[in-house]
Amino acid sequence: MLDLPQPIPALLVHNWTLGYPMTPRTVRLARLHVHRRLTMWNWPGDIEDAVLVTSELVANAVVHGRIPGHELRLRIAEADDHLLTIEVSDPVPTFPEVRPRSLGERGRGLIVVQQLADSLDWFLRAGVGKTVRAQLSGPKD
Ligand SMILES: Nc1ncnc2c1ncn2[C@@H]1O[C@H](COP(=O)(O)OP(=O)(O)O)[C@@H](O)[C@H]1O
Ligand SMILES: [Mg+2]
């Protein structure tokens with residue numbers, strides 16, 4: 001865990017954020033929104049991977065980060081080198097260490113995120129709870 005939000009080191013060319021209710025249908029909505037935004041931005045990375053990462057992080061916020069009366073926040077931002085940042089914030093101020101598990105179905109979402117993303121980290125928010133951040137690079141040439 002990092003103590004402070006790490007600045008995104010490059011110039012942003014796109015930046016978009018929206019709050020959602022902590023309900024299961026939010027997961028599908030967030031998928032649709034991210035797919036649409038990245039298509040509009042003509043983001044050159046793997047949009048399906050980015051949608052899947054978003055989906056897992058938003059699903060986790062809804063299931064593990066839900067506190068009644070709070071919403072979750074989704075942010076996606078593209079830097080000028082095409083690095084994509086996906087941030088999902090929820091009001092629960094804890095996050096597990098991610099490591100492979102051998103038992104059952106639980107714990108697979110974050111492993112998938114780790115495999116698809118270039119980085120996965122989290123930090124406490126100034127107000128309440130935390131932000132989970134995944135970053136995906138554009139196309140590797
Ligand atoms: N946003 C979150 N807030 C708090 N804990 C979380 C969050 N996301 C994940 N976790 C914890 O990490 C575990 C692993 O997450 P994940 O790999 O997505 O598996 P699953 O969601 O199927 O349990 C969860 O079971 C939960 O304990
Ligand atoms: Mg999960």
per DSSP, antiparallel bridges as share of beta bridges in the chain, % nearest 5, sits at 95 percent
The ³J(HN,Hα) series, computed from each phi in region 80-85 with the Karplus coefficients 6.51, -1.76 and 1.60 at θ = phi - 60°, rounded to the nearest Hz and given as x for glycine or proline, is 5, 8, 6, 4, 9, 9
Per GNM of the chain with C-alpha springs under 10 angstrom, the most fluctuating residue out of Leu124, Leu52, Leu12 is Leu12
In Å, the Kirkwood hydrodynamic radius from C-alpha pairs for the chain sits at 15.2 Å
The set of residues whose placed amide H lies less than 5 Å from the amide H of Asp46, leaving out same-chain residues fewer than 5 positions away, is none
A 1.4 Å probe over the protein heavy atoms gives the chain a carbon and sulfur accessible-area percentage of 53 percent
Rounded to whole Å², per residue accessible area for the chain with a 1.4 Å probe reads 58 Å²
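The values are calculated or read from the model by the stated rules, or taken from the named source; none is laboratory data. Bear in mind that the values here come from a model prediction, so they are computed numbers and not experimental data. These area figures cover heavy atoms from the full protein model, side chains too; ligands, DNA and RNA do not enter into them. Shrake-Rupley method; radii C 1.70, N 1.55, O 1.52, S 1.80 Å.
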